[in-house]
1. Subtract the Cα-Cα distance of residue 25 and residue 87 from 0.36 nm times their separation in residues, and report this length gain in nm to one decimal.
2. Add -39500 (n - 2.57) for each DSSP H run of 4 or more in the chain, then divide by its residues: what number comes out at 222 nm, to the nearest 500 deg cm²/dmol?
3. Can you classify region 38-94 as rounded, prolate or oblate using the Cα gyration tensor, where a ≥ b ≥ c are the square roots of its eigenvalues, rounded means a/c under 1.5, and otherwise it's prolate if a/b beats b/c and oblate if not?
4. For region 1-75 and region 110-127, write down the distance between their C-alpha centroids in whole Å.
5. If you count the DSSP beta bridges with both ends in region 13-123, what percent of them are antiparallel, to the nearest 5?
6. Which of 128, 87, 55 has the fewest other C-beta atoms within 10 Å, and how do the rest follow up to the most?
7. With a 10 Å radius around each residue's Cβ, average the other Cβ atoms per peptide and rank 42-49, 99-106, highest first.
8. Give the shape of region 68-112 as rounded, prolate or oblate, defined through the alpha-carbon gyration tensor: a ≥ b ≥ c are the square roots of its eigenvalues, a/c under 1.5 means rounded, and otherwise the shape is prolate if a/b is larger than b/c and oblate if not.
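What follows is calculated from the coordinates using simple rules that are stated; it is not laboratory data. Everything quoted here is computed from the prediction, not taken from an experiment. Counting neighbours? That spans all protein chains shown, and the Cβs are built from the backbone with ideal geometry, glycine included.
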């Protein structure tokens, strides 16, 4: 079996994730239902169902911004490295330093506050 050739621009990954102190060991495969991009970029928010510990998803987006956190989900971190949406096996950083100005979508003050209040998430947002 051979997959077709695909080019992914991951040049900003090391700029987005400035420091990764902690990440979910083994990574997770994201449920991409409703995600319509070709890639999921480094720094994209990841959420998890509060009732199904295996249900991890990219935070929904619309018009170039994150939508509201879906009912029954919690923040768990951000994608560590850009991956094709067709193969969303990702590493998720929950403790580290993130360049909020280089992330694929803006982090509002409300999202930053919610992340700071989230249990087991310790992300610091900085930029140059």
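1. Values: separation 62, 0.36 × 62 = 22.32 nm, distance 1.79 nm.
Difference between extended and current length: 20.5 nm.
2. -2500 deg cm²/dmol
3. Details: a/c = 1.74, a/b = 1.21, b/c = 1.44.
Oblate, since a/c reaches 1.5 and b/c is not below a/b.
4. Centre-to-centre (Cα) distance: 16 Å.
5. Antiparallel bridges: around 90 percent, rounded to the nearest 5.
6. Ranked by crowding around the Cβ, least crowded first: 128, 87, 55.
7. Ranked by mean Cβ neighbours within 10 Å, highest first: 42-49, 99-106.
8. Here region 68-112 falls in the oblate category.
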